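Before any comments, here is the structure.
The values are calculated or read from the model by the stated rules, or taken from the named source; none is laboratory data. None of the values given here were measured: they were computed from a predicted structure. Every residue, glycine among them, receives a Cβ derived from its backbone with ideal geometry; neighbour counts consider all protein chains shown.
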Amino acid sequence: MTGYEIRIGLEIHVELATNTKIFCGCAVEFGAPPNSQCCPVCLGLPGSLPVLNRAAVEYAIRAALALNCTINLYSEFVRKNYFYPDLPKAFQITQDDKPLAVNGLLRYYLGDELMETQITRLHLEEEAGKSIHSGESIIGSEYTSVDYNRAGIPLAEIVTAPTMNSPAQARAFLEQLRLVLQYAGVSDCKMENGSLRCDANITVHPEPGMRVEKVEIKNLNSFRALERALAYEAERQVRVLERGGTVMPETRTWDERAQKTVRMRVKAGAPDYRYFPEPDLPPLELDAAWIEEIRSTLPELPLEKEARYQEAYGLSTYDTGVLVRAPQLAQVFEATVAQGRDPKFVANWVTGDYAHLARLGGTVSAEHFGQLLDMISSGAISAAQGKTVLQEMFARGVSPREFVAEMGFTVIADRDFLGKVIREVLTGHPELVERYCNGEDRLLGFFVGQVMKATNGRAEPRLVNKLLVEALAEGRNWQPRAE
Amino acid sequence: MISRAEVVRMAELAMLELNEVEIALYQADLNRFLQSGAELRKVNTQEVRLSSHVGRASSRMREDVIQRSLPQEKALRNGPCVVDGCFRVPRVMEDVR
């Protein structure tokens, strides 16, 4: 692969989170019975006319502003003509040479390196219906079933400049794009449900800047598929070039089972789509004041939040990364810290146990979570007990104070009692004690664990540590280490 | 002028199978359209603004309020082949040549 320059551009389709379709009042709901959310407009029946959904325009503007685009106050809808069963009118209403927004920019991290990629354009269009292919994939299917519930859902199409140089970079870009769109609140961006989809185009240049044909890859349903398909395709094109062949301009599909790209069709050129102005929709003329109003409601975006967490709270890159990638965790973190708690302590709990339990389902209010952290930091209960309490808070919605009182959770900090437990543990493991005395320091953790187990997690861990070290030091004195 | 090859390409995009007689017929027809269009070149349009739409209407937008859809059986009524609530069509994948 050395000596070749890879250039990748992405074309992303995002379903906007409106209640209704872009040109009619049919509901937008994932998983409804097939063809139950259709009307004459979205089925393309004769005589029906489209009327633009204001919320679709608003979401598209929000997305464009979050991606630092310039909004065109004047844009036009056009018809893109092609025959495909998922397109009931045999044309798609989209935007062509006068799109809603242009010239955006997205910044993101690839590892530790801050990258930026130009967004060429963002435009509005209608979604096609959903084709369900018989058999296991599109390849080798016998027939296709079509559901038009999806036809007419508003889409923002986002096109990047073809300037990304590796599959990993394309993935990092797409991950950040999804996060920004989620923060902007314009889409749920679920790749598994198809509300965020990505096509990629890739060229492999034997020499930088040398003109070569573009290959487009479709059917990339996950971040992993995007990265793998691009890696496979880059290698395939290099093989073609090294055999002295030419890469053909074509559309390929990612075959998840075979983990390779397969030729679908020769790439259609723009003239083949015979774009022309949509006569049923007047041009879209926007009021600059409305755009500013939308801009003023945009929340803090991920990269800004990340910087603020590091500066204001002194959090690690790891902690900020976890928090920023999960907005609901960031919310709990901020609400809990706002009441004057130690940010690092809070971040540890939020990114650790809280994040783990939240992934399994449910939430715990910042108020209750804060009460729990206060009990742990004041030493009223141990961290181990705190974990149990948090589990119960997620499972049954209990209040931490009531639960602790009910269970009689208290910390054991009685030296005599703990000393007795420690003697029992040490007497029970004479060989391990000997190994520790011979220098295996890491066994200390095992003894601490045994004491915690014997006290059902109620022992004060710092005290246990101290008492154990003391007790074992006596042992070392009895059996001095061989020189 | 529209060539024979362009007619064949257009027929391909429109998924129409044309025989030689039809190709010649449509080629002549399409060229007559172009000739009619060419008449417009005689009109002086120097002072006329470029426009894509007739009239001066601007975008009218509707609020994002759900309206009732067609019942499923009505939506499917025109389908020549309907299976499990879906329109069924022949496979769409082109043969990989």
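Go through segment B:6-19 residue by residue and tally those that are at pLDDT 90 or above, exposed (fewer than 10 other Cβ atoms within 10 Å of the Cβ) and among the hydrophobic types (A, V, I, L, M, F, W, C).
Number of matching residues: 0.
Looking at (1) surrounded by fewer than 14 Cβ atoms within 10 Å (Cβ to Cβ); (2) within 30 Å of A:SER75 (Cβ to Cβ); (3) modelled with pLDDT of 90 or more; (4) not basic (Lys, Arg), which is the one condition that is false for B:VAL48?
(3)
Under 7 Å between Cβ atoms, at least 6 apart or on separate chains: pull out the pairs that start in segment A:179-207 with a residue that is part of a loop (DSSP other than H, G, I, E, B) and end on any residue that is crowded, with 20+ Cβ neighbours inside 10 Å and among the aromatic types (Phe, Trp, Tyr).
A:VAL186/A:TYR59
May I ask you to verify whether A:PHE77 is of a type outside the set (S, T, N, Q) and buried (at least 19 other Cβ atoms within 10 Å of the Cβ)? Steps first, please.
Details: of a type outside the set (S, T, N, Q): yes; buried (at least 19 other Cβ atoms within 10 Å of the Cβ): yes.
Yes; evaluated as a whole, the condition is true for this residue.
With respect to A:LEU10, determine if the residue is assigned to a helix (DSSP H, G or I) and more than 13 Å from every other protein chain (Cβ to nearest Cβ).
When the stated conditions are applied, A:LEU10 does not pass them.
Restricting the first residue to segment A:318-331 and requiring it to be in the same structural domain as A:GLY111 (by TED's automatic domain parsing), which pairs with a second residue that is in a helix (DSSP H, G or I) and crowded, with 16+ Cβ neighbours inside 10 Å meet a Cβ separation below 7 Å and a spacing of at least six or different chains?
So the pair list comes out empty.
Condition check ((1) at pLDDT 95 or above; (2) in contact with a Phe, Trp or Tyr (Cβ under 7 Å, 6 or more places away or on another chain)) across all residues:
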site	(1), (2)
A:GLU11	yes, no
A:ALA17	yes, yes
A:THR20	yes, no
A:GLU29	no, no
A:GLN37	yes, no
A:ALA56	yes, no
A:ALA60	yes, no
A:ALA63	yes, no
A:ASN72	yes, no
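Among the listed residues B:LEU34, B:LEU18, B:LEU50, identify the single one that is without any contact (Cβ under 8 Å) to a residue 60 or more places away in the chain, more than 9 Å from chain A (Cβ to nearest Cβ) and not in a loop (DSSP other than H, G, I, E, B).
The unique qualifying residue is B:LEU34.
Can you report the number of residues in segment A:17-31 which are within 7 Å of another protein chain (Cβ to nearest Cβ) and closer than 14 Å to A:VAL57 by Cα?
So the count comes out to 3.
Yes or no: A:ASN103 away from chain B (no Cβ under 14 Å) and in a loop (DSSP other than H, G, I, E, B)?
In short, no.
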